[in-house]
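Shown next, in structure tokens, is the structure this report addresses.
The values are calculated or read from the model by the stated rules, or taken from the named source; none is laboratory data. This is a predicted model, so every value here is computed, not measured. Don't worry about glycine lacking a Cβ; one is built from the backbone with ideal geometry, like all the others, and counts go over all protein chains shown.
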Amino acid sequence: MSMTKPRLSFSQIINMNVGFFGIQYSFGLQQSAVNPIYDFLGASPDEIPLLNLAGPMTGLLIQPIIGAMSDKTWHPKYGRRKPYFFIGALFCSLCLFIYPFSSTLWMAGGLLWVLDAANNTAMEPYRAFIADKLPADQQPTGFLTQSFFTGLGITLANLSLFAFQKIDFLKQSHGQIPYWVFGSFFLGSICSITSVLWSITKTPEIPPTEEELQTLHAEKRSVFTPFIEIFSAIKDMPKVMWQLALVYLFQWYALFCYWQNASKSIAQSVWKTSPTKDAKLYEEAVGWAGLVNGWYNVVTFLSAFALVGLAKKYSPKNVHIACLLMAGLGLLAFPHIENQYLLFVPMTGFGIAWASM
């Protein structure tokens, strides 16, 4: 890739990151809407964790493989990262459109594997896209813009669950799935493909230099090459990365426990019901869970700026410990709160911790 990268205007940086909005909208639906669909289809609580294995497994497998593959890709017409953006967004859009039509648990679970693989295929090269396109002094702006679209996409996905419930003609059901769920997923399907197509058409990639092309063509490649590169990178990981990995192991355990059980927890503590006891009341709990989740994502975006200054003053480690403590206390209090409006209090701490993570 050429050493001198042209500076981009702010609008150009926005255009190149618009696609991240659709990708993150899809992730927001995965966090807040997929598990209620499992509940609508009659999943027992002990089946939910197994049905959610798609998220961590595809992230573990797809992200490093796609990252390694896109680094070694170049096509004169389609570029380096764009093919992965498009293929990922296309399958993501198709899965989001089909998902509400799931009639069985195995269908919903299978679609989640495809959906999450597609999301990771589109998302992973997007981070490298910033480094590819922007000079070093503009990269922080690029990543900040990406963070903005992350927060916007996930927040709107969560809020859509609450908003579509308020539309009268969407209060009926198609089989076991309410029509308002269809509205959220159809909107996500549109956002996924259109936002990525916007970024693809508005942002040309920088071609590699002749020397880089020669290196790419000279390298011996096989289906095992990405896996070899991944294990090589793991082997060479510095000590601090191993320490962070252990910390993140426990953090993500807590996050998935929350995402899998938030709507059921709200249903039991606030509405005094369950998916099998009263489906209509449970739908209200799901909508409120979307509102609560949307709130903590807003807090995440707003608090991120303050955490940067606090980390400089008190050290990143101390700030992160304080943030995790707020999240831990919030999660302890969450299932015991019976007032739906008070749920926003622990989720404020959760949102701050999410920003720190």
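Being touching a residue at least 60 places away in the same chain (Cβ under 8 Å), small (G, A, S) and surrounded by fewer than 18 Cβ atoms within 10 Å (Cβ to Cβ) is a description that applies to A279.
Taken together, F101, F85, F97 contain a single residue that is surrounded by 20 or more Cβ atoms within 10 Å (Cβ to Cβ) and under 21 Å from G188 (Cα atoms), which is F85. Checked against (1) modelled with pLDDT under 85; (2) in a helix (DSSP H, G or I); (3) in contact with a helix residue (DSSP H, G or I) (Cβ under 8 Å, 6 or more places away or on another chain), T73 passes all but condition (2).
For first residues located in segment 303-314 and closer than 14 Å to T348 by Cβ, partners that are outside any helix (DSSP H, G or I) and lie 6+ apart or on another chain with Cβ distances below 8 Å do not occur.
Scanning segment 126-171 for residues that are in contact with a Lys or Arg (Cβ under 6 Å, 6 or more places away or on another chain) and either at pLDDT below 85 or basic (K, R) (or both) yields no hits at all. Of all the listed residues (G153, G183, G109), the sole one being in a helix (DSSP H, G or I), free of Cβ contacts under 8 Å to residues at least 40 places away in the same chain, buried (at least 18 other Cβ atoms within 10 Å of the Cβ) and not charged (D, E, K, R) is G183. Residue selection: A289 satisfies the criterion of being part of a helix (DSSP H, G or I), of a type in the set (A, V, I, L, M) and either modelled with pLDDT of 95 or more or within 16 Å of the chain's Cα centre (by Cα) (or both). Residues that are in contact with a Phe, Trp or Tyr (Cβ under 8 Å, 6 or more places away or on another chain) and hydroxyl-bearing (S, T, Y) occur at least once in segment 287-296. What are the residues in segment 14-47 that are free of Cβ contacts under 8 Å to residues at least 12 places away in the same chain and either charged (D, E, K, R) or in a helix (DSSP H, G or I) (or both), if any? The answer is D46, and nothing else.
Taking the conditions exactly as written (aromatic (F, W, Y) and more than 16 Å from I193 (Cβ to Cβ)), does F86 satisfy them or not? I'd like the intermediate steps shown before the answer.
Details: aromatic (F, W, Y): yes; more than 16 Å from I193 (Cβ to Cβ): no.
For F86, the condition - aromatic (F, W, Y) and more than 16 Å from I193 (Cβ to Cβ) - is not met.
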